[in-house]
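S.K.: Before anything else, here's the structure in question.
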Amino acid sequence: DNLIFRTNSAYTNTDQLAQTFASGVLQEALGQGQATVSNITQQNWLIENTIEYRNTFSDDHDLTLLGGFTAEGTERFNSSSVGLGFSTEVNNFNSLQQAENQTVSSGFRDENLASFLGRINYSYMDKYLLTLSFRADGSSKFAAENKWASFPSAALSWRISEEDFLRESNVISDLRVRASYGITGSQAINPYQSLASLSTIANAYTFGDDIDAVGVGAGRVPNPSLKWETTEQANIGLELGLFESRINLTADVYDKTTKDLLFSRQLPWYSGYSSQTDNIGSMRNRGVELGLNTINTTGNFMWTTSANLSLNRNEILDLGPDGLDVFENAIGNLGSGWSQEHILREGEPMGSFYGYIFDGIYQNQEEVNAIEHTGASAGSVKLKDLNDDDRITEEDRTIIGDPNPDFIYSLTNEFSYRGFDLNIMVQGSYGNDILNIQKKRLDLIDDEYTDQNLLTSSNDYWRGEGTSNTLQAPGTGRGVVESRYVEDGSYLRLKNVLLGYNLPSNLVNKMGLQSL
């Protein structure tokens, strides 16, 4: 009695074949026919077993116990054959052996996860609630000694509105406070990152008459310490219902710290490797989430409102033993100087924009001569010398923007009258910065980009002393990452408007339908 055992299993097989051919008459094929045939075969399997016990004692104690074991895995095989240069294209991708140049590749990966889990739910008189959870997960992605990790959590809730002193209240219909703490894990990396690997090195060796021999070399340095990324989070919440729950308010305050971040750490070039997946540093998120739902009118004309507001503060706490800045290039190459536009720095939020402070346009040669700035000329961009050494160098770069908003919010109103209903939603963000790459592309005249449209503002470029202090002269380069392209990203958007009409049920039923 009161015991439930469940088994759930699933198996999925996926086969994908892709065949492409580009004729040599196309610019894409660069004058030689190109044919590709690729195959992907993937199997996913899952099995879950849980046993659950539920019972009520003395009408006041509700208890649920659950335990289980789950396992899942993925196997993926891929292969690809490419042919370049065909004397005849009549067979396109069906005769790769006729190509002048042929390359083949294949790969395989296998990843598995096993989990033991348990949970206790206890309620006393529907006023005091306790949840205890525990899971242990083992992932094949991590090093031999670190495959398993444990993740406990606990939550308490007190439904104050069920106490005698509030039960008969005409104002407060629901009031509860809750608190929780838990640890979760992440394995969001590719498999085999803890192991050394071999990589193919084509056309790099000479043996006898073969000057393009294929070799195999070390591809990845092993990391026998690689382990789970973990996140600890504490949360305190309040739920309040007023006037028979016509007004409902929820409020949550949380503090979340992520440790042992899974990160691709750059290695010195002399090591022979470019990077290594490692557990580096920690990051903290703290915030407040507020929600309000109201029933404004009832009857034939119904009007409800829901609103929410969320504030989050992000901070990088640690970037490893050296504490060195980490630079990222997220937008691709936009010319000289446009790289490393994002920085990870201890004490700063994630994804901060990094660059120079724009200080106008050099108006004459005298201004250029007043400071050492490589490549500068009259009409080119002037940058601020932050360390006062009379030189413009990388030392003058600084954080120039934060993409994280101060808060985000939304407001939804729903109206209904007889068969009509109307939903209007507005949503917004406040305090976030945007690095406007599109503007940079479209307002600078440069010999390197002569085949693209430009903004009309590009007509206001510098033509001589005093003509412009905002846009440089043509041909003076596309510059570097600078503050003039950091803009306020705050917005308020009418996100959705939906108007509908429900046909009367007696009419719809005659049509053999349930609703329309």
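S.K.: What pairs can you find where one residue is in the stretch 387-402 and farther than 20 Å from residue 484 by Cβ and of a type outside the set (Gly, Ala, Ser), the other is open to solvent by less than 50 Å² (accessible area, probe 1.4 Å) and not in a loop (DSSP other than H, G, I, E, B), and their Cβ atoms are less than 7 Å apart, with a gap of 6+ or different chains?
M.R.: 387/396
S.K.: For residues that are of a type in the set (Gly, Ala, Ser) and open to solvent by less than 30 Å² (accessible area, probe 1.4 Å), scanning just the stretch 275-302, find the one that is nearest to residue 242 (Cα to Cα).
M.R.: Looking at the filtered set, the residue picked out is 291.
S.K.: So which residues in the stretch 309-339 are of a type in the set (Gly, Ala, Ser), surrounded by 12 or more Cβ atoms within 10 Å (Cβ to Cβ) and at pLDDT 80 or above?
M.R.: If the condition is that a residue be of a type in the set (Gly, Ala, Ser), surrounded by 12 or more Cβ atoms within 10 Å (Cβ to Cβ) and at pLDDT 80 or above, then 310, 320 are the ones that fit.
S.K.: Residues to consider are 20, 64, 70, 12; find the one that is touching a strand residue (DSSP E or B) at 6+ places or on another chain (Cβ under 7 Å), closer than 30 Å to residue 109 by Cβ and surrounded by 14 or more Cβ atoms within 10 Å (Cβ to Cβ).
M.R.: It is 70.
S.K.: Residue 440 fails exactly one of the following numbered conditions: (1) basic (Lys, Arg); (2) within 35 Å of the chain's Cα centre (by Cα); (3) under 30 Å from residue 303 (Cβ atoms). What is the number of that condition?
M.R.: The single condition residue 440 does not satisfy is (3).
S.K.: Among the residues of the stretch 346-373, what is the count of those that are open to solvent by 70 Å² or more (accessible area, probe 1.4 Å) and within 38 Å of the chain's Cα centre (by Cα)?
M.R.: The total comes to 2.
S.K.: Tally the residues that are within 41 Å of the chain's Cα centre (by Cα) and free of Cβ contacts under 8 Å to residues at least 40 places away in the same chain, restricting the search to the stretch 465-516.
M.R.: So the count comes out to 4.
S.K.: Which ones in the stretch 233-272 are surrounded by 15 or more Cβ atoms within 10 Å (Cβ to Cβ), more than 22 Å from residue 151 (Cα to Cα) and among the hydroxyl-bearing types (Ser, Thr, Tyr)?
M.R.: Hit for the stretch 233-272 is 250, nothing else.
S.K.: Anything in the stretch 155-171 that is part of a strand (DSSP E or B) and open to solvent by 40 Å² or more (accessible area, probe 1.4 Å)? List them, or say none.
M.R.: 156, 158, 159
S.K.: Just checking, how many residues over the stretch 118-152 are over 30 Å from residue 57 (Cβ atoms), open to solvent by 80 Å² or more (accessible area, probe 1.4 Å) and part of a strand (DSSP E or B)?
M.R.: 1
S.K.: Before we move on, is residue 25 open to solvent by 40 Å² or more (accessible area, probe 1.4 Å), closer than 24 Å to residue 200 by Cβ, out of contact with any Phe, Trp or Tyr (no Cβ under 9 Å at 6 or more places or on another chain) and modelled with pLDDT under 95?
M.R.: No, not satisfied.
S.K.: Could you say which residue among 44, 112 is closer than 30 Å to residue 187 by Cα, without any contact (Cβ under 8 Å) to a residue 40 or more places away in the chain and open to solvent by less than 70 Å² (accessible area, probe 1.4 Å)?
M.R.: 44
S.K.: If you don't mind, another one. Residue by residue through the stretch 294-321, note down the ones that are assigned to a loop (DSSP other than H, G, I, E, B) and either in contact with a Cys (Cβ under 6 Å, 6 or more places away or on another chain) or among the aliphatic types (A, V, I, L, M) (or both).
M.R.: 319
S.K.: Looking at (1) open to solvent by 60 Å² or more (accessible area, probe 1.4 Å); (2) touching a residue at least 12 places away in the same chain (Cβ under 8 Å), can you tell me which one residue 57 breaks?
M.R.: Among (1) open to solvent by 60 Å² or more (accessible area, probe 1.4 Å); (2) touching a residue at least 12 places away in the same chain (Cβ under 8 Å), residue 57 violates only (2).
S.K.: Count, please, the residues in the stretch 404-433 that happen to be surrounded by 15 or more Cβ atoms within 10 Å (Cβ to Cβ) and modelled with pLDDT under 95.
M.R.: Of the residues in that region, 0 qualify.
The values are calculated or read from the model by the stated rules, or taken from the named source; none is laboratory data. Because the structure is a prediction, the values reported are computed rather than measured. So basically every Cβ, Gly included, is an ideal-geometry build from the backbone, and we count neighbours across all protein chains shown. Side chains included, ligands, DNA and RNA excluded: accessible areas come from the protein's heavy atoms. Shrake-Rupley method; radii C 1.70, N 1.55, O 1.52, S 1.80 Å.
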